[in-house]
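The values are calculated or read from the model by the stated rules, or taken from the named source; none is laboratory data. These numbers were taken from a predicted model, which means no experiment stands behind them. Reconstructed Cβ throughout: ideal geometry from the backbone, glycine too, with neighbour counts over all protein chains shown.
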Amino acid sequence: MMKVVGNGQPANTRPVSNGILVNGHLYTVQTAADESGDVKDQTHQVLRQLETTLKNCGGTLADVAQMTIYLINEEDAEPMDEVYREYFSEPYPNRATVVVKSLRGSNRLIEIVVNAYPGVMG
């Protein structure tokens with residue numbers, strides 16, 4: 001069974017769902033709703049949105065198994081990690097951080113792709 005899961009933000013205008021829960025596995029992508037801030041601001045936004053998405057399907061951040069983080073500036077990796085440590089602790093999710101040329105949006109600095117198992121791991 002497949003269920004669409006929201007993150008508390010207005011519906012996306014692009015043809016994409018915020019999160020899809022299939023047989024206890026959550027697939028979600030989070031981007032900052034407000035792109036005016038720096039990478040720390042945007043990281044807080046995406047991780048709070050992820051928390052809301054997980055909560056909406058009975059989970060917590062402890063249920064995140066894997067994530068891929070996309071940044072457009074390599075120098076943003078350390079400030080992003082500072083914020084990341086406020087939300088996650090050991091054992092950390094498996095993670096890749098990738099620097100790309102650009103992300104869709106006027107000033108999007110970060111995008112995360114997450115695989116989680118709400119209510120199973122935490």
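With the checklist (1) loosely packed, with under 15 Cβ neighbours inside 10 Å; (2) part of a helix (DSSP H, G or I) in hand, flag the one item residue 102 doesn't pass.
Result: residue 102 fails condition (2) only.
Do we find a residue being in a strand (DSSP E or B) and either basic (Lys, Arg) or out of contact with any Phe, Trp or Tyr (no Cβ under 9 Å at 6 or more places or on another chain) (or both) anywhere in segment 56-63?
From segment 56-63, those in a strand (DSSP E or B) are none; that's our starting set.
Within segment 56-63, none of the residues are in a strand (DSSP E or B) and either basic (Lys, Arg) or out of contact with any Phe, Trp or Tyr (no Cβ under 9 Å at 6 or more places or on another chain) (or both).
Hey, residue 96 hits all of (1) under 14 Å from residue 115 (Cβ atoms); (2) assigned to a helix (DSSP H, G or I) but one; which does it fall short on?
(2)
Consider residue 35 carefully, then state whether it is touching a Leu at 6+ places or on another chain (Cβ under 7 Å), surrounded by 14 or more Cβ atoms within 10 Å (Cβ to Cβ), touching a residue at least 24 places away in the same chain (Cβ under 8 Å) and of a type in the set (Asp, Glu). Break it down stepwise before answering.
Working: touching a Leu at 6+ places or on another chain (Cβ under 7 Å): no; surrounded by 14 or more Cβ atoms within 10 Å (Cβ to Cβ): yes; touching a residue at least 24 places away in the same chain (Cβ under 8 Å): yes; of a type in the set (Asp, Glu): yes.
In short, no.
Name every residue in segment 105-122 that is over 12 Å from residue 53 (Cβ atoms), assigned to a strand (DSSP E or B) and of a type in the set (Val, Ile, Thr), in order of residue number.
Correct list: 110, 113.
Could you please let me know if residue 27 is aromatic (Phe, Trp, Tyr) and part of a loop (DSSP other than H, G, I, E, B)? Break it down stepwise before answering.
Details: aromatic (Phe, Trp, Tyr): yes; part of a loop (DSSP other than H, G, I, E, B): no.
Here the answer is no, as residue 27 does not meet what is asked.
Take residue 90 and tell me if it is surrounded by fewer than 17 Cβ atoms within 10 Å (Cβ to Cβ), in a helix (DSSP H, G or I) and either modelled with pLDDT of 90 or more or not polar (S, T, N, Q) (or both). Reasoning before the result, please.
Values: surrounded by fewer than 17 Cβ atoms within 10 Å (Cβ to Cβ): yes; in a helix (DSSP H, G or I): no; either modelled with pLDDT of 90 or more or not polar (S, T, N, Q) (or both): yes.
For residue 90, the condition - surrounded by fewer than 17 Cβ atoms within 10 Å (Cβ to Cβ), in a helix (DSSP H, G or I) and either modelled with pLDDT of 90 or more or not polar (S, T, N, Q) (or both) - is not met.
Mind checking which residues of segment 64-79 are surrounded by fewer than 19 Cβ atoms within 10 Å (Cβ to Cβ) and either part of a helix (DSSP H, G or I) or of a type in the set (Asp, Glu) (or both)?
Step one: filter segment 64-79 for residues surrounded by fewer than 19 Cβ atoms within 10 Å (Cβ to Cβ), giving 65-66, 68, 72-75, 77-79.
Answer for segment 64-79, where residues must be surrounded by fewer than 19 Cβ atoms within 10 Å (Cβ to Cβ) and either part of a helix (DSSP H, G or I) or of a type in the set (Asp, Glu) (or both): 74, 75, 77, 78, 79.
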